[in-house]
């Protein structure tokens, strides 16, 4: 019983981290039809910024995290304007090459200034303390991650369903040309979606540093994981990413607890089978 | 009149020469490299093996338009097969190559039957997943593959019973170049055959090819198996030359590197695979030699410059230069 509980808690927390980091990737891949291999780089940059602010400059962790997310969003805005705008027009292969180039530059930058060791984020001690939920004690970190995941899912749902921007975004995902011809400023929708995605990735990277440690090669190491979440969930589908993240998080954690060794094999076999049967992912549009 | 027929016959002769021409260029270039860099033969051999591997990827990505990120699966299986055969069965290098080719083709056939039904991102992800499954299997099946330690101490007997593999790596280099030339000629013939044309058609528009009666799926599986066999040969060569096989042969970064090298050179033209591999590996080697910590800057900027300035790869550089010169009066 207790092991099932641990699996569920750890799996859900892990899934929430995956969700926060990959939801932006799912939106950009569904919206701009761009394979952005550099997406994990925003999580890395967020974590690296927190490291610099909190460990090296002594800024309190939560203020440092907030600042780091803002820095990454600003950086994403600049990058979108300068680089990505041109990359949208390339073919698939050009996109892969260009975004891998960007990943390499991000890794090299972090490596140059901070080295290639694991970066501590200087999270307060209270985060690792246990919280008594009445029937069970949990590390506070897990509780915060799970709560943050639900809050982000809920606010994304509100954003997509209840605001004008959400309507524009859904229209642009469905049919970019038709949306543009109806007077929607699609380049600006792209810009906003890209920045939100990058900011969420940074936030997820910071919160998830305990599970996916921040180091220079982070974007390459976890690229496959984020791509799997996006493709299993379905490109451009926020609920799909959410379901896929939770499912994969629990599956992966269960594999590690119950079948150490062969767990990973079953994990990837399950993904292969799922994608072979449903190439568009759980909640993606059939193409 | 006679002049014109002469020209036609010359052109026809050139046409017949065409498959041999790249082989000629490669052998001359290899001979020059052999004389100029006698102390870098190990590195040169690595480039040659990588060229074979990237060539095989060009068949599926450049010709048939199938983008995968799991080409290391076939390379790794080839490497393990060659290693195991030379450790347990026969130490003849050519038998090892054959084993590598068979293993690569077999895994390509099994995985291809599943993944070639998918398209786009799903195809990419399934190919990655297949490679991951193989890597985990190799790391778990310790009794067969040595697990994370890998297979060590692979020795091969003299090539054709005559040429002993020497310490400097001269025989290894010449051996690899010969295999590269054979693979290159085979790919040239394949590319200009009706089968190669069908692949180009599939790359252009699969639905139209289906409409004129081409069995698209079967063609794709066929080329995937052929490319798998060649990738297996590349892996087998690497195992024989270095004497080692580790689970890194299934690394995702290897599949990604192969794709990057091919796009850098230019996909869909066999020369592109050779040029891209050469440029990427030499720049990588020199940059890492000068600054072991910050060489990624060089690679990153190189990729961005190439993709913005030469979207069709380095191989299009001469065409672009000619076009630029023509435009100026």
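Laboratory data are not the source of any read-out in this text; all were calculated from the coordinates shown. Computed from a prediction, not measured in an experiment: that's the story for all the values here. Quick reminder, even Gly has a Cβ in these numbers, built from the backbone with ideal geometry, and neighbours come from all protein chains shown.
Peptide A:214-226: average number of partner chain Cβ atoms within 10 Å per residue?
2
Which one of B:256, B:267, B:79 has the biggest mean-square fluctuation once chain B is modelled by GNM with Cα springs under 10 Å?
Residue with maximal mean-square fluctuation among B:256, B:267, B:79: B:256.
Under 16 Å from a point placed 7 Å out from the Cα of residue A:174 along the Cα-to-Cβ direction: which residues of region A:10-48 have their backbone N that close?
Inside the label zone: A:31.
Give the shape of chain B as rounded, prolate or oblate, defined through the alpha-carbon gyration tensor: a ≥ b ≥ c are the square roots of its eigenvalues, a/c under 1.5 means rounded, and otherwise the shape is prolate if a/b is larger than b/c and oblate if not.
Here chain B falls in the rounded category.
For residue A:117 and residue B:88, what does the FRET efficiency come to when R0 = 51 Å and r is the distance between their Cβ atoms, rounded to the nearest 0.05?
It comes to 0.80.
On average, how many beta carbons from a partner chain sit within 10 Å of the beta carbon of a residue in A:104-114?
Per residue, the number of nearby Cβ atoms from other chains is 4 on average.
Hey, in the GNM for chain A with a 10 angstrom Cα cutoff, which one of A:46, A:115, A:205 fluctuates hardest?
A:115
Per-residue Cβ counts within 10 Å, from other chains only, averaged over A:153-165: what number is that?
The per-residue average across the peptide is 0.
Could the peptides B:148-155, A:26-33, A:269-276 be put in order, highest first, of the mean number of other beta-carbon atoms found within 10 Å of their residues?
A:26-33, A:269-276, B:148-155
Calculate the spin-label point distance for residue A:92 paired with residue B:31, positioning each point 7 Å from the Cα along the beta-carbon direction, and give it in nanometres.
4.2
Which of B:298, B:54, B:177, B:307 comes first, and how do the rest follow, when ranked by fewest Cβ neighbours within 10 Å?
Ranking B:298, B:54, B:177, B:307 by Cβ neighbours within 10 Å, fewest first, gives B:298, B:177, B:307, B:54.
Shape verdict for region B:82-194, please, from the Cα gyration tensor: rounded (a/c under 1.5), prolate (a/b greater than b/c) or oblate.
oblate
Only Cα pairs under 8 Å and at least 6 apart count here; give the relative contact order of region B:19-251 as a rounded whole percent.
In percent, rounded to a whole number, it is 43.
Determine the relative contact order of chain A: mean sequence separation of Cα pairs under 8 Å and six or more apart, normalised by residue count, in whole percent.
For chain A, the relative contact order is 37 percent.
Starting from the Cα of residue A:154, step 7 Å along the direction of its Cβ; do the same at residue B:325; then give the gap between the two resulting points in nm.
Each label point is offset 7 Å from its Cα along the Cβ direction, giving 6.8 nm.
Let me make sure I get this right: for region A:1-107, a, b and c are the square roots of the gyration tensor eigenvalues over alpha carbons, sorted descending. Under 1.5 in a/c it's rounded, otherwise prolate if a/b > b/c, else oblate. Which is it?
oblate
Modelled label-to-label distance, residue B:285 and residue A:278, 7 Å Cα→beta-carbon offset: nm?
A separation of 4.8 nm, rounded to one decimal place.
Going highest first, how would you order B:242-255, B:128-141, B:61-74, A:2-15 by mean Cβ packing within 10 Å?
Final packing ranking: B:61-74, B:128-141, B:242-255, A:2-15.
If I build a Gaussian network model for chain A, linking alpha-carbon pairs within less than 10 angstrom, which residue out of A:97, A:182, A:211 has the largest mean-square fluctuation?
A:182
Go ahead and run the numbers for FRET between residue A:132 and residue A:221, Cβ-Cβ distance against an R0 of 45 Å, rounding to 0.05.
Using R0 = 45 Å, I get an efficiency of 0.80.
Using alpha carbons only, how many angstrom separate the centre of region A:69-95 from the centre of region A:220-271?
26
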